[in-house]
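Have a look at the structure below, then the notes.
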Amino acid sequence: MNNFEAAWLRYEKTKESESVAKLSGIVCDKKLQGNQIVQSAIRELQEGFRGLFGRELAVAESCCENRSIILSVDPLCPAESLQTAEVSPKTEPIGNSQTKKESRKESYRLSMQNGNVHITGSDANGLLYGTFSFLRKLTLQEDIQNLQEEKAPVMPLRMLNHWDNMDGSIERGYSGDSFFFVKNEVVVDERTRMYARLAASVGINAVVINNVNVKEMATYMITEKYFGKLDDMAEIFGEYGIKFYMSLNYAAPVELGELDTADPLDENVSNWWHEKMHEVFSRIQNLGGFLIKADSEGRPGPFTYGRTHADGANMLADAVAPYGGKIIWRCFVYNCKQDWRDLKTDRARSGYDNFIHLDGQFAENVILQVKNGPMDFQVREPVHPLFGGMTKTNEMLEVQIAQEYTGQQRHVCYLIPMFKEILKFKTYVNQDADTVCDIVSGKTFGQTNCGMAAVANTGNDENWTGHDLAAANFYGFGRLSFEPDLSAEEIAKEWIAMTFGQDEKVMQVLSKILMNSWPAYENYNAPLGIGWMVNPSYHYGPNVDGYEYDRWGTYHRADHLGIGVDRSHHGTGYATLYHEENAAIYDDPAKCPDELLLFFHHMPYTHVLRSGKTIIQHIYDTHFKGVEMVDEMVEDFLTLEDKLDAKRFNRMKERFFHQKEHAREWRDQINSYFYRKTGIPDEKGREIF
Ligand code: GCW
């Protein structure tokens, strides 16, 4: 027995429609059958039919009398309309603009012709994604009689970043330990394959397996000790069209004891990396490149040598270029040793200030990976100003589905609605095609080295994600990066049906819970975009002043009269980093959206919000409301007792009961803190301690 469940690839027995019942096998020519990714597609179809309909599908090389599922690859497969969006005429394309040709990659078409189902990919990946889409339709009992679907993924890179450590722990892991590493060894087993299937089924095409904080043994991942196992793992990923990436220690030449400097402009350093990359790429076949956290939170980087991040990234990019490798370089660079008394330094500015002057200096195979907001995955943040700030640099959006600040997979918090808002944000970098989605999908500047990455939320728990409902974020992230036009609710419903079946009541209750979960969490969390207010270091549970007198640049500056950080032009000037249209809104407290007001401005508690409420009353109301929303969720959930299997029901029930208690803790601590600070009572006279 496996110690893991199948998540949304359960393929539970279902009714077979007439047109499906006629499909007796798979047809795929010999050459294609030799392709490992196509083999995965075939295995998946067989597994799917076995589970869904209890029957076997045979594989043949050519068509026979019987109706079949016909697999093929046609590089011209997607329709004109799916070929990449035109490069915006007002903007210079980044790098050489092979956009048109490249963009058809990984596309597929599904159709029904004379009773045969055709799954055609523009390449093997496209074929695999088409296969998963077809199986999804069968699982959801969609009518396939008039099957007709054409899809091309919108984001070129759809990536998961694991923060797994070699000792088996996971930084910010909330669902058990690593299934990639145990006690400094690399693990390759059936779970590796199941993981690859889950990831590929939602369109993930790249995975970084280790923590960006590369320390101790992880530095040795680019040495002989680990090549064999890493190559085995990479090969399994490759069978599912997933490129294998690793995080790299910038100071590896020093820490492996081979050089006494990691200065990117030192010729010995550059030569060392060239040789190293030659070795690594020849030992790990399916390697896509590396992710690097440099000069951030104690990690080494080019600053040590008085060099820029462009110097550092480009040196590595040059070393991986001969193998088609990519260097993904994080922009999460800030001073984490700030004095809380210092009102000038603003952590929110740091990513922008450290990178904006380097725009245009990065090599074509470097991608800057930028967190969605300028701070750190809080429940509400403005969009990072480097999106739309940079116009000559490849950028990728980093989000976090590991719910570090959003309930740590003990509270339910479905994040796809948040990601949708981020993707839709208009940066005003030019007149059209200027949203974050346009930028990171390559539409704005015509590049293909871009996309989305999520900090992963999986671990070795039986259900992969701790909270069963947290799997909706894994599923949703993949689906959204493939097809950002899907609504958060559509994705939620699809996931629910795949995971729990088609019962209407289950669908209605769980989709309502998911859709209300982020708003509820935001309600009982830190108010109006100010963030933090959590227990230091493990980041769970309320602690209003937890980070107030610390070194991390995370302050709310509350006193008895007001709260918030002045990031307007009177303050740190952060609000002015956006293009004029946005800057004008954020800089002005009268125009700033309520939900971000305290992020941008220090305001009196008596200030009347656009909603018509004072800030203090808003704090009380939202905190009571948040708890009411959770109570309602729990009540609704309990009505599903006879609709869900006991194992999953009880697992979720336990977490919901905890959330109910813990949301109260949030409510009462925040409300009491502000009542005590201000002395202003709740208009509605509710209990505040
Ligand atoms: O959110 C912070 C986390 C760190 C993490 C860091 C980062 C991997 O608290 O645990 O380190 O961000 O993104 O690098």
Checked against the positive end of the charge dipole of the chain (+1 on Cβ of Lys and Arg, -1 on Cβ of Asp and Glu, about the Cα centre), the farthest of G571, L127, L147 is L147
Rounded to whole Hz, the Karplus (6.51, -1.76, 1.60) HN-Hα couplings of region 654-667, x for glycine and proline: 4, 5, 5, 5, 5, 4, 4, 5, 6, 5, 5, 4, 4, 4
Distance between Cα centroids, region 263-296 to region 618-689: provide it in whole Å. 49 Å
Residue among A472, M533, M396 farthest towards the positive dipole end of the chain, charges placed on Cβ: A472
Please report the spacing between the Cα centers of region 387-414 and region 1-27 in Å, no decimals. 33 Å
Hey, fewest Cβ within 10 Å first, where do S441, S169, S537 land in order? S537, S169, S441
Would you mind estimating how fast the chain diffuses translationally, via Stokes-Einstein at 10 °C and 1.306 mPa s with the Kirkwood radius over Cα pairs, in µm²/s? 60 µm²/s
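Grab the beta carbon distance between D432 and Q361, set R0 = 22 Å, and tell me the FRET efficiency rounded to 0.05. Working shown, then result.
Values: r = 27 Å, r/R0 = 1.22.
About 0.25, to the nearest 0.05.
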On full extension of the chain, what length is gained from E65 through M507, given 0.36 nm per residue of separation minus the C-alpha to C-alpha distance? 155.1 nm
Mean residue ellipticity (222 nm) of the chain, computed from DSSP H runs ≥ 4 via -39,500 (n - 2.57), nearest 500: -11000 deg cm²/dmol
FRET E, pair Y305, T391, Förster distance 25 Å, beta-carbon r, rounded to 0.05: 0.35
Contour excess over end-to-end distance, with Cα ends at Y323 and K215 and 0.36 nm allotted per residue: 36.3 nm
Taking a crude spin-label model, label points 7 Å out from Cα along the C-beta direction, the N335 to L76 distance in nm is 6.0 nm
Rounded to the nearest 5, what % of DSSP beta bridges with both residues in the chain are antiparallel? 30 percent
Are any of the pairs K15/K643; K225/K276; K22/K505; K22/K643 more than 25 Å apart by Cα-Cα distance, and if so, which? K22/K505; K22/K643
To make sure I understand the rule: partners must be aspartates and glutamates, Cα under 17 Å from the Cα of K243, and not fewer than 8 residues away in the same chain. Which ones qualify? E102, E106, D123, D231, D232, E235
Among Y245, W163, T435, which residue has its Cα positioned farthest towards the positive end of the charge dipole of the chain, with +1 placed on the Cβ of Lys and Arg, -1 on the Cβ of Asp and Glu, and the dipole taken about the Cα centre? T435
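Please state the relative contact order of the chain as a whole percent: Cα pairs under 8 Å, 6+ residues apart?
Details: 1409 pairs, mean separation 84.8, N = 689.
Relative contact order for the chain comes out at 12 percent.
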Taking the highest mean first, how do the peptides 412-419, 17-24 order by number of other beta carbon atoms within 10 angstrom per residue? 412-419, 17-24
Over the Cα atoms of region 468-535, each weighted equally, I'd like the Debye log10 I(q)/I(0) at q = 0.13, 0.25, 0.29 Å⁻¹, rounded to two decimals. -0.44, -1.06, -1.22
Dipole magnitude of region 267-367 about its Cα centre (Cβ charges: Lys, Arg +1; Asp, Glu -1), debye to nearest 20: 360 debye
Using the Cα centre of the chain as the reference point, and only Cβ charges (+1 on K/R, -1 on D/E), how large is the resulting charge dipole? Debye, rounded to the nearest 20. 640 debye
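Tell me, what is the FRET efficiency for S19 and N543 to the nearest 0.05, using R0 = 41 angstrom and their Cβ-Cβ distance as r? Please list the in-between numbers first.
Numbers: r = 58 Å, r/R0 = 1.42.
The computed FRET efficiency comes out at 0.10.
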Can you put D545, D263, D74 in order, fewest other beta carbons within 10 Å first? D545, D74, D263
So how do I144, I496 line up by other beta-carbon neighbours within 10 Å, fewest first? I144, I496
Measure off 7 Å from each Cα along the Cα-to-Cβ vector at S487 and V182, then give the distance between these two points in nanometres to one decimal. 4.5 nm
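A short reminder: the numbers here are calculations on the coordinates, not readings from a lab. Note that this is a predicted model, so its numbers are computed, not measured. Methodologically, a virtual Cβ is constructed for each residue, glycine included, from the backbone with ideal geometry; neighbour enumeration extends over all protein chains shown.
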